[in-house]
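Please read the structure below before turning to the comments.
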Amino acid sequence: MTHLRDDEGGRSPATALSETLRGWWEAAGEPGGRGRPTQQALAGRLRIDQTTLSRYLNPRHPSTAPLRIVEALHAQLGAPAEELERARELCRAALESQRKQRAGESAPASGGEGEAGGGDGSDRDRASSPASRAATVKVLGLVAVVVCAFLAGLGVARLTGEPETVTDAKAAVARTPRPEPSWLLVRRMPDDQLWRGRTVQYLLRHRHYDVPVDGTFDARTEEAVKKFQLAWHLTPDGKVGKDTWPLLVVKAGVGDKGDAVMALQALLDNVGEGGTPVTGTFGHETLDDLQHFQKVHGLRPTGVADADTWRYLMAFQEPPMRTSPLYATPGGVPSL
């Protein structure tokens, strides 16, 4: 395990890695280079979205590229051989830092029974000082004012009948959870290429339909969707929506392998954090990333990709570039 923290310039491993990858891309267009590809073309070769690649190449707002992408970029851009191992070290250090940050976010607050009872008594001394007592009196006075104001308002509510109802309504609204995202509607349209098309294709291949995984929702993919729908007694319209998705997605957990796991890992890798290897094998790294996603979005962190998890994963993907405004915000997808 690498123990890189900051490089010689004081930059974080994530920033240093992004600058390295950006340098490879820019150097590819210099005289003697292999010719710099556009980011769109390069993303196509790597089978990732252009938006995702742009984040990997942006040192100002770095997103850590997974190791497979670092190695693929090195090969595609003809970068110097001696720079590959350094880039690998930066990648491992950035991912390690990312995971420790996640662990810190989910850890309980420090200070248990032993800590509360420990110390040299200085906290108790401060609490008993005149300044501290004066501050306590002020706080208690403010609390009393707030309580009196609340009780007065309650009395007005009882007299008129109306404000109390309004207060209850406001409280009910505050308790109302955010609406859950809808299933995507994916069909044969220009906006439904890239990760949308690939997700459908991976899941169709899991169901033994012979389609390429190229991110292009073409006539061949549409025909496979129609066959799948007929097999499940659905209307064969070739559109993957609220009726088709729950039957097409697959419950996946640790130990599972295949195209459905590839689809899951690709979605996790593109969900805004990056760093999930797309291997087709559901291991502990995929488990950690999936549980983190579930916690962030209020799902039970079971580590199993059920239908709700698939629905949330697709709703919160990073949007592809040059697409409809519908795709610009998480959850902003066509409803069915």
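Structure notes:
- Taking every alpha-carbon pair under 8 Å whose residues sit at least 6 apart, region 47-101 reaches a relative contact order of 30 percent.
- Each label point was placed 7 Å from the Cα along the Cα-to-Cβ direction; for Arg22 and Leu67 their separation is 2.6 nm.
- Taking 7 Å steps out from each Cα toward its Cβ at Lys227 and Lys295 produces label points 4.3 nm apart.
- Counting 0.36 nm for each residue step from Asp308 to Arg86 and taking away their Cα separation leaves a gain of 76.0 nm.
- Peptides 63-74, 210-221, 36-47 ranked from most to least packed by the mean count of surrounding Cβ atoms within 10 Å: 63-74, 210-221, 36-47.
Values in this text are rule-based calculations from the coordinates and carry no lab data. Quick caveat: nothing in here was measured; it's all calculated off a predicted structure. In this analysis, Cβ positions are derived from the backbone assuming ideal geometry, glycine residues included, and neighbour counts consider all displayed protein chains.
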